[in-house]
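The values are calculated or read from the model by the stated rules, or taken from the named source; none is laboratory data. Remember, predicted model here, so these are calculated numbers, not experimental data. Using ideal geometry, Cβ is built from the backbone for each residue, glycine included, and neighbour counts are taken over all protein chains shown. For the accessible areas, the whole protein counts, side chains as well, though only heavy atoms, and no ligand, DNA or RNA atoms are used. Shrake-Rupley method; radii C 1.70, N 1.55, O 1.52, S 1.80 Å.
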Amino acid sequence: MLIENTRGGFAFLKGIAPYSCGAAALAGFEIVHARLLPAMPLGAGLRAARAHMERMGRPVQALCGLELRSPRPLTFPGFAAFNAGYIETLQSWGLLVDGLNPVARTNVAPAFAAGPAPSVYGFSYTEPSADAAPSFVIAGAGELPEGSLDPAEVVRRGETSLDALREKASFVLDLMEGRLRELGAGWEQATAVGIYTVHDLRALLDDPVLPRVGAASLGGLTWHYARPPIETIEYEMDVRGCRREIVLSESGR
């Protein structure tokens with residue numbers, strides 16, 4: 001069910017405490033994606049995102065997506081501990097809507113050049129637009145059922161055979177397609193498809209990835225050689241449909 005965030009100019013899919021499952025711009029708005037180059041430490045990156053939105057005349061509630069990078073995958077308890085501080089920041093900024101987190105999030109651990117501490121790689125926010133095409137951002141997801149952070153529910157946990165990876169990828173594709181449907185979108189409207197794994201993606205392209213993403217593959221798929229944020233999860237994806245993409249320097253400009 002889509003929940004309107006009128007202050008932010010978008011609607012979102014209910015997720016769990018650390019993130020929503022995705023967001024779509026309301027009528028009269030579009031989602032802009034911004035990448036920080038280089039990625040900035042978590043606190044500084046969040047402040048840079050907020051400062052940029054303020055320069056654009058947008059309230060902090062316009063923040064609808066975040067992309068984080070972590071030094072390494074965490075245990076399930078470690079992931080919960082990280083999320084506690086992160087959620088506290090969002091609460092202090094007044095971002096929650098009826099107690100729900102509206103901000104979609106991808107959080108992965110690069111296999112190389114990860115940095116010593118969590119960082120902000122990019123963010124998405126809304127801006128007014130009278131005639132923009134529909135835009136959306138879908139949170140990253142690995143092979144865990146929606147709403148679950150139960151290690152026992154990881155699909156084919158502990159397995160990395162080609163058969164297991166195909167099952168994991170198919171499961172994640174199901175999640176992406178479900179979120180697309182709930183946002184009123186489809187693969188053909190995607191402008192960026194991210195895949196996060198350290199396993200050989202080439203072995204998964206013909207089956208199951210390319211037949212599922214269809215027209216979205218015409219724009220290319222971005223393979224990030226990275227691990228999902230929690231140990232034992234092997235494959236993650238995210239998707240967005242944004243007509244405006246910008247790159248910001250360390251100053252957030």
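With the highest mean first, a sort of the peptides 79-87, 107-115 on other beta-carbon atoms found within 10 angstrom per residue produces 107-115, 79-87. Rolling a 1.4 Å probe across all protein chains gives Tyr19 an accessible area of roughly 40 Å². Given R₀ = 25 Å, what would the calculated FRET efficiency be for Leu26 paired with Glu188, taking r from the Cβ atoms and rounding to 0.05? In this case the efficiency is close to 0.70. So what's the angle, to the nearest 10 degrees on a 0 to 90 scale, between helix 76-92 and the longest Cα principal axis of the chain? The angle comes out near 10 degrees. Distance from the C-alpha centroid of segment 98-145 to that of segment 207-253: 10 Å, rounded to the whole angstrom.
If R₀ is 30 angstrom, what is the calculated FRET efficiency for the pair Asp206 and Leu149, using the beta carbon separation as r and rounding to 0.05? Walk me through the intermediate numbers first.
Working: r = 32 Å, r/R0 = 1.06.
That gives a FRET efficiency of 0.40.
When only the Cβ of Lys, Arg, Asp and Glu is charged (+1, +1, -1, -1), the dipole of the chain relative to its Cα centre reaches about 780 debye.
Restricting to segment 162-244, compute how many DSSP beta bridges are antiparallel as a %, nearest 5.
Numbers: 5 of 8 bridges.
DSSP beta bridges in segment 162-244 are roughly 60 percent antiparallel.
Which one, Glu88, Glu234, Glu30, has the greatest fluctuation when you compute a Gaussian network model over the chain with C-alpha springs under 10 angstrom? Per the Cα network of the chain with a 10 Å cutoff, Glu88 tops the list. Of all DSSP bridge pairs formed entirely within the chain, close to 70 percent run antiparallel. Using Kirkwood radius over Cα pairs in Å as the read-out, say which of (1) 18.1; (2) 21.2; (3) 20.5 was calculated from these coordinates. The calculated read-out lines up with (1).
Relative contact order, percent, of segment 83-179 when contacts are C-alpha pairs under 8 Å separated by at least 6 residues?
23 percent
In a simple Cβ point-charge model (Lys, Arg +1; Asp, Glu -1; nothing else charged), segment 25-164 has a dipole of about 560 debye relative to its Cα centre. The C-alpha atoms of the chain define a longest principal axis, and helix 162-182 lies at about 30 degrees to it.
Structure remark: mean-square fluctuation, Gaussian network model of the chain, C-alpha springs under 10 Å; the largest value among Leu26, Leu205, Leu144 belongs to Leu205.
When all protein chains stay in place, what accessible area (Å², nearest 10, 1.4 Å probe) is found for Asp174? Solvent-accessible area, nearest 10 Å²: 80 Å².
Name the residues whose placed amide hydrogens come within less than 5 Å of the amide hydrogen of Arg244, ignoring near sequence neighbours (fewer than 5 apart) on the same chain. Result for Arg244 returns His33.
Summarising the label geometry, the points placed 7 Å from Cα in the beta-carbon direction at Thr89 and Asp163 lie 4.3 nm from one another.
If the segment from Leu2 to Asp131 were pulled out straight at 0.36 nm per residue, it would be longer than the present Cα-Cα gap by 44.3 nm. Neighbours of Asp163 by Cβ distance under 15 Å: Lys/Arg scored +1, Asp/Glu scored -1, total -3.
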